[in-house]
Amino acid sequence: MNPAKVLVVTILAGTLSIGAALFGERWFARHDLDFGGGRQDDGRIATLPDLRLPDLSGQEVASNAWAGKVVVLNFWASWCPSCLKEMPMLDELQRGVDPGRLKVVGVAIDAPDEVQRFLGENRVDYQIVLGGADTVELSRRLGNRTSGLPFTVVFDALGRRVYSHTGEITPADVRERILPLLQAEPG
C-alpha cells in the first residue's frame, strides 16, 4: 500500500478513536446518576476522598482541612497548554471568594522541580499539591475516564461530587457549576 494512504488511514483512525472517546466522556458526564453510598454505580467516587498529598515544601496537605467548603480540585501539569490557560481564572475565582467558603486546589501531575520552576515564573495564589501515578488513578475514579488534563472535579460544602470535567473549564462553567454552590446553604 502507498505510504501516503497508510498515513491518511492512520490519521483518520486515530482521529475517529479520539473523537469517540471524547464523545463518550461527555455523554457519560451528562447521564451521571448518583446512587449514594459514597460511590457511583460505575465505581466512581461520589464524595471528597481522604487525600494526603505533599505541597511544594514537602508538608502533607489533608483534604479533611477543607471540610465545609466548596472544593475545586484541578489536576494539571506545567506541560499542558489548556491547564495553564485556565489557571488565571481559577486564581481569580479563589481570590474573589471568602476562603472559608471555597478551596481551589491544584493537583500537579508533574515533576516537583518543573512545578517549582513554573510557579516561580507564574503567580498562583491557590494551594498547589503534588500528585503522582496514584493520583492519576484517583482522577479516573473521580470521573476522568480518559486520564486527560486538565481535569477538574467540584465538591459541594457537604463533600459531594457535583461536577467533573475533562479539558479546560470556561468562565461559563464557573458561573453555572461553581458559583451557585457558593450561594447555597449547606444541608
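Every number in this text was worked out from the coordinates using simple rules, so none of it is lab data. Nothing here was measured: the structure is a model prediction, and the numbers come from that model. Here Cβ is always computed from backbone atoms with ideal geometry, including for glycine, and neighbour counts include all displayed protein chains.
Here is how the numbers come out for the structure above:
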read-out	value
Matching residues, the range 136-187, being closer than 18 Å to Leu102 by Cβ and aromatic (Phe, Trp, Tyr)	Phe155, Tyr163
Single condition Gly143 does not satisfy, out of (1) on the phi > 0 side of the Ramachandran plot; (2) surrounded by fewer than 18 Cβ atoms within 10 Å (Cβ to Cβ)	(2)
Enumeration of residues in the range 144-187 that are closer than 17 Å to Phe75 by Cα and part of a loop (DSSP other than H, G, I, E, B)	Asn144, Arg145, Thr146, Ser147, Gly148, Leu149, Pro150, Gly167, Glu168, Ile169, Thr170
Top-ranked residue of the range 147-187 - restricted to ones that are out of contact with any helix residue (DSSP H, G or I) (no Cβ under 8 Å at 6 or more places or on another chain) and aliphatic (A, V, I, L, M), ranked as nearest to Lys85 (Cα to Cα)	Ala172
